[in-house]
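Undergrad: Quick one: structure below, then a few questions.
Just so you know, all these numbers are worked out from the coordinates, no wet-lab data involved. Quick caveat: nothing in here was measured; it's all calculated off a predicted structure. When we count neighbours, we look across all protein chains shown, and the Cβ atoms used for this are built from the backbone with ideal geometry, even at glycine.
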Amino acid sequence: MRRAFSFLTVLGRGTAPDGATLRWFPVVGLVLGAAVGGVWWGADRVLPPLVAAGVVVLVDLALTGMLHVDGLADSADGLLPHLPRERRLAVMAEPTAGAFAVAAVAAALLLRAAAFASRPAAVALVAGLWCTSRSVLALVAATQPYARPEGLAARFLGDRLAPVAGASGIVVGVAAATAGAGWAGLAAAGGLLAGSVAVVALARRRLGGFTGDVLGAACVVGETVGLVVATARW
């Protein structure tokens, strides 16, 4: 568990992931989501909605060390332009950010802030969505082909319990989101799954599999879609 927290958050940095890391992703997502949701609940009571939403987005970025947003940026630059497969992987490994990266990250952050500002705070909703998103990452990493011959994500591949943990985490996450926001929470979890799957499917088509950046992009896109769906008038 410590390695999973170290990899997905700023807590315990310096501990490298290993073959048993993936199985703890759902737990980290649940705890992280509860923390972010708690900040949302507190900020919503003392700040205007838009300011509170901005604080929540910043806290989430701080707790994750912007790991997933960085993955979204790299994935946008590598997956969206018209490039050959080898060039896509090279672009995703470059430290610079192009126009696709800037646009994707800006859109995601704006939508997340707008979604948080558009509905009452619900801790269980965020905990459920964040748990579901990390569970999807574990399931994808355990069942889909890895697109690079080597890379950071390769360190935690091969965990036989990861598929079970990922599937179980999705069930727990969907249940928590539903408990926190009723039908809106259930729909939000469905939207999250659809958004994450869409990113992974695009990567599978254009790269032949996933990378660590793709996992980060799937996490951010899925959560963002889920939050937006939760704001609908259900």
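Undergrad: Using just the alpha carbons, could you tell me how many Å³ per residue the convex hull of segment 95-234 encloses?
TA: With only Cα atoms used, segment 95-234 gives 106 Å³ per residue.
Undergrad: Please report, in debye to the nearest 20, how large the charge dipole of segment 63-126 is about its Cα centre when each Lys and Arg carries +1 at its beta carbon and each Asp and Glu carries -1 there.
TA: It works out to roughly 240 debye.
Undergrad: With a 10 Å cut-off between alpha carbons and a GNM built on the chain, which of T132, T21, T96 moves the most?
TA: T96
Undergrad: In addition: Compute the Rg to Rh ratio over segment 153-234 from the alpha carbon atoms, using the Kirkwood formula for Rh, and round to two decimal places.
TA: 1.03
Undergrad: Among A141, A189, A97, which one shows the biggest mean-square fluctuation in a GNM of the chain, springs joining Cα atoms closer than 10 Å?
TA: A97
Undergrad: State the three equivalent ellipsoid semi-axes of segment 70-110, derived from the C-alpha gyration tensor as the square roots of 5 times its eigenvalues, in descending order and whole Å.
TA: 18, 10, 7
Undergrad: To the nearest 20 debye, what charge dipole does the chain have about its Cα centre, counting +1 at the Cβ of each Lys and Arg and -1 at the Cβ of each Asp and Glu?
TA: 320 debye
Undergrad: Once the dipole of the chain is set up with Lys and Arg at +1 and Asp and Glu at -1 on Cβ about the Cα centre, which of L109, W130, V91 lies farthest towards its positive end?
TA: W130
Undergrad: So for the pair W183, V59, with labels modelled 7 Å out along Cα→Cβ, what separation do we get in nm?
TA: Result for the modelled spin labels: 3.0 nm.
Undergrad: Show that you can apply the helix-only estimate: for the chain, add -39,500 (n - 2.57) for every DSSP H stretch of four or more residues, divide by all residues, and state [θ] at 222 nm to the nearest 500.
TA: The helix-only estimate for the chain comes to -25000 deg cm²/dmol at 222 nm.
Undergrad: Could you give each residue of segment 119-126 its phi-based ³J(HN,Hα) in whole Hz, using Karplus coefficients 6.51, -1.76, 1.60 with θ = phi - 60°, and x for Gly or Pro?
TA: Running phi through 6.51 cos²θ - 1.76 cosθ + 1.60 with θ = phi - 60° gives 8, x, 5, 9, 4, 5, 4, 5 Hz.
Undergrad: Treating only the Cβ atoms of Lys and Arg (+1) and Asp and Glu (-1) as charged, compute the dipole magnitude of segment 2-87 about its Cα centre; round to the nearest 20 debye.
TA: 260 debye
Undergrad: D for the chain, whole µm²/s, Stokes-Einstein with Kirkwood Rh over alpha-carbon pairs at 37 °C and 0.692 mPa s: what number?
TA: Answer from the Stokes-Einstein relation: 189 µm²/s.
Undergrad: Among G42, G169, G128, which one shows the highest mean-square fluctuation when the chain is modelled as a Gaussian network with alpha-carbon springs under 10 Å?
TA: Among G42, G169, G128, the largest mean-square fluctuation in the Gaussian network model of the chain belongs to G42.
Undergrad: For helix 162-207, what angle does its Cα long axis make with the longest principal axis of the chain, in degrees from 0 to 90 and rounded to 10?
TA: The angle comes out at about 20 degrees.
Undergrad: Considering the Cα trace of segment 15-147, what is its radius of gyration and what is Dmax, both in angstroms?
TA: 16.6, 51
Undergrad: Ignoring trypsin sites (Lys or Arg not before Pro) that are buried or in helix or strand per DSSP, and keeping those with at most 12 other beta carbon atoms within 10 Å, what is the longest stretch of the chain between them?
TA: 14-159
Undergrad: Against the longest alpha carbon principal axis of the chain, how many degrees, from 0 to 90 and to the nearest 10, is the axis of helix 67-79 turned?
TA: Roughly 50 degrees, rounded to the nearest 10.
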